[in-house]
1. Which number in (1) within 16 Å of the ligand (Cβ to nearest atom); (2) in contact (Cβ under 8 Å) with a residue 24 or more places away in the chain; (3) assigned to a helix (DSSP H, G or I) marks the one condition that ASN455 misses?
2. Mind checking which residues of the stretch 305-333 are at pLDDT below 90 and within 16 Å of the ligand (Cβ to nearest atom)?
3. Can you name every residue in the stretch 1-26 that is in a strand (DSSP E or B) and touching an Asp or Glu at 6+ places or on another chain (Cβ under 9 Å)?
4. Only residues that are in contact (Cβ under 8 Å) with a residue 60 or more places away in the chain, in a loop (DSSP other than H, G, I, E, B) and more than 17 Å from TRP505 (Cα to Cα): list them for the stretch 544-587, please.
5. Looking for whichever is at positive phi and touching a residue at least 60 places away in the same chain (Cβ under 8 Å) here; the options are ASN439, ASN395, ASN391. Which one fits?
6. What do you reckon, is ASN468 within 16 Å of the ligand (Cβ to nearest atom), free of Cβ contacts under 8 Å to residues at least 40 places away in the same chain and under 24 Å from the mean Cα position of the chain (by Cα)?
7. Whether any residue in the stretch 265-273 is in a loop (DSSP other than H, G, I, E, B), within 12 Å of the ligand (Cβ to nearest atom) and either at pLDDT 90 or above or at positive phi (or both) is what I want to check.
8. For residues that are in contact (Cβ under 8 Å) with a residue 40 or more places away in the chain and exposed (fewer than 12 other Cβ atoms within 10 Å of the Cβ), tally how many sit in the stretch 406-418.
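The values are calculated or read from the model by the stated rules, or taken from the named source; none is laboratory data. Keep in mind that what you see is a predicted model, and the values were worked out from it rather than measured. Reconstructed Cβ throughout: ideal geometry from the backbone, glycine too, with neighbour counts over all protein chains shown.
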Amino acid sequence: MFEFDRTRNFTTMKVHCNNMFTHRVKTFRKVVCFFRSESDWEPAPVSFSPVTDDVNPSARFVTVSLLNHMASAIKCQYYFADVWMMFSEITFQSDTAVYNTTLAPPKTGPPTSTQPGDDPTHKIDDSNTRILIGCLVAIIFILVAIIVIILWRQVWQKMLEKASRRMLDDELTASLSIQSETLTYNNNNNSSSPSEQESNSTYERIFPLGPDYQEPSRLIRKLPEFSQPAEEAGTSAASKSSQASTQEGVPHYAEADIVNLQGVTGSNTYAVPAITMDLLSGKDVAVEEFPRKLLTFKEKLGEGQFGEVHLCEAEGMQDFMDEDFASETSDSQPMLVAVKMLRADANKNARNDFLKEIKIMSRLKDPNIIRLLAVCICSDPLCMITEYMENGDLNQFLSRHEPEDLMALLSNAPTVSYSNLKYMATQIASGMKYLSSLNFVHRDLATRNCLVGKNYTIKIADFGMSRNLYSGDYYRIQGRAVLPIRWMSWESILLGKFTTASDVWAFGVTLWETLTFCKEQPYSQLTDEQVIENTGEFFRDQKRQIYLPQPAICPDALYKLMLSCWRRNTKERPSFQEIHRTLLECPD
Ligand code: ADE
């Protein structure tokens with residue numbers, strides 16, 4: 001009895017038989033086939049009697065016509081022609097496919113042997129076909145998805161290229177006009193200094209937003225105007241630095257030598273001139289080792305890729321701190337401190353960066369820069385102990401508060417007065433004045449990187465990009481650079497130039513955030529791509545750029561200050577000294 005997977009239209013049955021008649025083995029004398037379609041057996045079977053052959057003893061197929069009977073099961077009765085019947089294979093042919101079945105032993109006589117695969121016909125199994133088709137469909141889907149992703153990336157790259165090419169065209173026009181000395185550079189910039197002429201050719205050689213976009217600080221080194229020493233084109237910081245180097249012994253700072261220490265606990269630790277790093281490579285760290293057993297864990301303040309920040313109580317911290325700073329703190333009570341801890345499993349690079357961060361931070365001593373108090377580096381895990389600012393970061397602090405208006409008064413919401421907002425902005429300017437005097441470039445000034453203590457005191461820190469809360473503030477360029485584009489100057493985005501002048505731009509945005517109580521992201525109505533397009537408009541300076549609007553509580557004088565931070569020409573932006581003075585002079 002042969003059962004099939006479904007009802008089929010049977011044409012023939014082939015029985016492979018032995019015919020060694022001298023050994024009394026013969027093909028069958030007769031076969032009667034019964035057919036079952038659905039559940040009933042057909043009353044009329046098919047019977048067939050092959051011609052017996054007493055001449056040729058070789059095995060052969062005996063073909064039985066099944067007369068196109070429709071059946072899902074066939075029962076066959078084979079009749080002996082002699083003592084033995086020996087079948088090796090029985091195959092059925094139906095209209096659509098050929099089915100091979102394994103033999104059951106005959107009811108009488110010795111067991112028959114089977115020879116699978118004897119039949120040269122290509123055999124198709126329906127369920128396998130379905131799996132095969134499924135796999136092919138899945139592969140096609142995956143290929144289509146890959147093609148869509150590739151096309152999408154190409155379209156996005158083209159958009160960037162288009163934006164950059166438009167700028168390149170403008171730049172070429174400008175450079176031609178300078179060469180012929182008949183046309184002016186643009187409406188607002190009639191006199192082109194030699195340094196500007198040099199920087200024009202930048203675009204003709206390499207454009208950072210093209211497919212070859214590179215991490216800015218690496219890219220900039222390739223440009224001839226930046227491979228020269230510090231007198232680089234168009235940055236007020238560099239010209240100031242060359243003066244500073246002679247006047248105050250401040251290290252000479254070339255933009256091309258910026259060492260970016262971003263990495264360990266996710267922070268940038270400010271961009272540091274390489275020469276400063278040489279000074280720092282000495283053994284001396286200007287802070288003391290603190291016995292970690294005197295730290296009592298209170299709560300977790302934050303977490304980054306490379307470690308955690310804990311709020312701790314430190315016993316006797318006053319004995320370990322600088323005298324100037326210890327005098328600011330109260331008596332011998334345990335002191336609340338923030339402890340930044342490197343993960344125990346951090347790799348060697350992360351450890352080195354953490355130690356470098358300590359060296360740099362230990363030299364920054366200003367009332368408006370977060371102070372490194374002590375360290376635990378004699379054993380693992382490496383720790384930095386910084387002062388604790390009880391009101392968290394400025395972004396979250398302001399988000400929880402409202403301006404002092406009628407609405408807030410009626411709703412009893414916590415408020416911050418305009419004069420306190422201005423006070424906080426003034427402290428940020430003061431901290432930045434200190435950093436810029438050392439030629440430190442922060443690169444990521446924003447309210448998220450400022451901490452708030454008692455009585456609206458502000459200290460600038462740098463948490464880097466590690467906090468999930470602010471991941472939306474950073475834009476990833478094709479999986480490479482991660483940039484806070486909404487705070488970045490046009491030259492930082494397009495040329496990879498990070499200078500004090502670009503910190504000034506970021507200060508303007510930070511001031512805007514402060515006066516809007518961080519209720520929305522800068523340029524919230526623009527997508528990241530549109531922000532980059534707008535950067536192109538800042539570069540072209542043809543009055544098509546979109547500026548952040550004047551906040552409701554912002555007086556005209558302060559908005560004027562903001563706008564001056566966003567001037568196209570870096571030299572025309574105010575210094576932090578000027579910004580600080582302007583803020584102090586602004587009426588409350
Ligand atoms: N989170 C990270 N560092 C901090 C600090 N120094 N004070 C308060 N919160 C923090």
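1. ASN455 satisfies every listed condition except (2).
2. Those that are at pLDDT below 90 and within 16 Å of the ligand (Cβ to nearest atom): GLN305, PHE306, GLY307, MET321, PHE325, GLU328, THR329.
3. Those that are in a strand (DSSP E or B) and touching an Asp or Glu at 6+ places or on another chain (Cβ under 9 Å): ASP5, ARG6, THR7, ARG8, ASN9, PHE10, THR11, LYS14, VAL15, HIS16, VAL25.
4. Of everything in the stretch 544-587, those that are in contact (Cβ under 8 Å) with a residue 60 or more places away in the chain, in a loop (DSSP other than H, G, I, E, B) and more than 17 Å from TRP505 (Cα to Cα) turn out to be ALA552, ILE553, CYS586.
5. On the way: ASN395 fails: at positive phi; ASN391 fails: at positive phi.
Every option except ASN439 fails the conditions.
6. Criteria met by ASN468.
7. Checked against the condition, which is being in a loop (DSSP other than H, G, I, E, B), within 12 Å of the ligand (Cβ to nearest atom) and either at pLDDT 90 or above or at positive phi (or both), the stretch 265-273 yields at least one hit.
8. Of the residues in that region, 0 qualify.
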